[in-house]
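Participant: Here it is, the structure in full.
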Amino acid sequence: MIATDALVTKERNLRALLQSLGSVVVAFSGGVDSALVLAVATEELGAAAIGVTAASPSLAQAERDGAIGFARAIGSAHEVVETHELDDPNYAANPADRCYYCKTELYGTLRERGARAIVDGFNRDDAADYRPGRKAAVEHGVRSPLAECDFTKEDVRALARRLDLEVWDKPALACLSSRFPYGTPITLALLRQVEAAEAAVRAEGIASCRVRHHGDIARIEVPLAALGRLVAEGVRERIVAGVRAAGYRYVALDLGGYVSGNLNGALGDR
């Protein structure tokens, strides 16, 4: 893949920035953004770069396994740490700033690793989204190399592809807690319910999906191009059976398709 001059410049700046930090702990979720940061940091800093993945109840097991496998494949130092945000009533109550409490615990844990800097995968386009976790990042002095080097989401995927990172086209994934409308209390049992329901959808070859939790109703969001796949003969029946087996009474398909941060619409202009 031929890189544009702009992407070459951004990559050069990213490498220089990471080198200048000396040693880093990468908040590595397993997604393409933080994967790119971890891969480049490992190339530039070697053992002075370590990826840390928070194994919380809101991280699906498949995502945890994927993060471990990716770090192993690129030869990066990697650690999985247990976090316990559900023990914090401020988080479990699922307020609009839920992510702030999660990130506060995470960054406090990463600070203990003793690196000169904590870095994340926040990029320029993320600034347009509602992300209360950014407040925690600022409070803990977290650096965002991708944003600092003007990477867009498109740039991230383009460079990840050029570097032959297996996650370059991985669908965007948020934590399982994002499937609950704000104000709906989050429990371990409900997180596992959502995880099992989404697994039933992905088992049909639909990698990008969300199962939004509305009591006994599971509202499934998939890209518009995949709507036909969901209602194909045999597929629909298997998904309904799988989602009901997860604990839902009703299985609904959102004809509006998958929308990232869909439940943030309830926040209005916030």
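Participant: Return yes when R192 is open to solvent by 60 Å² or more (accessible area, probe 1.4 Å), under 19 Å from A93 (Cα atoms) and within 18 Å of the chain's Cα centre (by Cα) and no when it is not.
Facilitator: In short, yes.
Participant: Just to be sure, is A207 open to solvent by 20 Å² or more (accessible area, probe 1.4 Å), small (G, A, S) and either part of a helix (DSSP H, G or I) or more than 30 Å from N90 (Cβ to Cβ) (or both)?
Facilitator: yes
Participant: Filter the stretch 111-136 for residues that are in a loop (DSSP other than H, G, I, E, B) and open to solvent by less than 50 Å² (accessible area, probe 1.4 Å) and give the result.
Facilitator: A115, D120, G121, F122, N123, P132
Participant: Tell me the residue from L176, L146 that is touching a Gly at 6+ places or on another chain (Cβ under 9 Å), closer than 22 Å to C99 by Cα, open to solvent by less than 60 Å² (accessible area, probe 1.4 Å) and of a type in the set (A, V, I, L, M), please.
Facilitator: Exactly one of L176, L146 is touching a Gly at 6+ places or on another chain (Cβ under 9 Å), closer than 22 Å to C99 by Cα, open to solvent by less than 60 Å² (accessible area, probe 1.4 Å) and of a type in the set (A, V, I, L, M), namely L146.
Participant: Any chance the stretch 163-176 includes a residue that's outside any loop (DSSP other than H, G, I, E, B) and within 14 Å of the chain's Cα centre (by Cα)?
Facilitator: The answer is yes; a qualifying residue exists.
Participant: So, one more: Is there any pair linking a residue in the stretch 216-238 that is surrounded by 13 or more Cβ atoms within 10 Å (Cβ to Cβ) to one that is of a type in the set (D, E), with Cβ under 6 Å and at least six apart or on different chains, and which?
Facilitator: Taking only residues 6 or more apart or on different chains, the pairs are R219/D254; E221/D254; V235/E204.
Participant: From the set of residues in the stretch 138-175 that are touching a helix residue (DSSP H, G or I) at 6+ places or on another chain (Cβ under 8 Å) and over 26 Å from T9 (Cα atoms), which is modelled with the lowest pLDDT?
Facilitator: Here the answer is L173.
Participant: Which condition number does R212 fail, the rest of (1) part of a strand (DSSP E or B); (2) open to solvent by 40 Å² or more (accessible area, probe 1.4 Å) being met?
Facilitator: In the conditions (1) part of a strand (DSSP E or B); (2) open to solvent by 40 Å² or more (accessible area, probe 1.4 Å), R212 misses (2) alone.
Participant: Would you call R72 touching a Leu at 6+ places or on another chain (Cβ under 7 Å) and surrounded by fewer than 17 Cβ atoms within 10 Å (Cβ to Cβ)?
Facilitator: no
Participant: Follow-up. Kindly indicate whether any position in the stretch 157-172 is of a type in the set (F, W, Y) and closer than 13 Å to L36 by Cβ.
Facilitator: There is at least one residue in the stretch 157-172 that is of a type in the set (F, W, Y) and closer than 13 Å to L36 by Cβ.
Participant: Hey, does the stretch 93-110 have a residue that's of a type in the set (K, R), open to solvent by 40 Å² or more (accessible area, probe 1.4 Å), free of Cβ contacts under 8 Å to residues at least 40 places away in the same chain and within 16 Å of C175 (Cβ to Cβ)?
Facilitator: Yes, the stretch 93-110 has at least one match.
Participant: Hey, among the residues in the stretch 16-31 that are under 15 Å from V119 (Cβ atoms) and within 23 Å of the chain's Cα centre (by Cα), which one's surrounded by the most Cβ atoms within 10 Å (Cβ to Cβ)?
Facilitator: Among them, the one singled out is V26.
The values are calculated or read from the model by the stated rules, or taken from the named source; none is laboratory data. The structure presented is a predicted model; accordingly, all values stated were derived computationally and were not measured. Note that each Cβ is placed from the backbone with ideal geometry, even for glycine, and that neighbours are counted across all protein chains shown. Ligands, DNA and RNA are stripped out before the accessible areas are found, and what is left, the full protein with its side chains, is counted by its heavy atoms. Shrake-Rupley method; radii C 1.70, N 1.55, O 1.52, S 1.80 Å.
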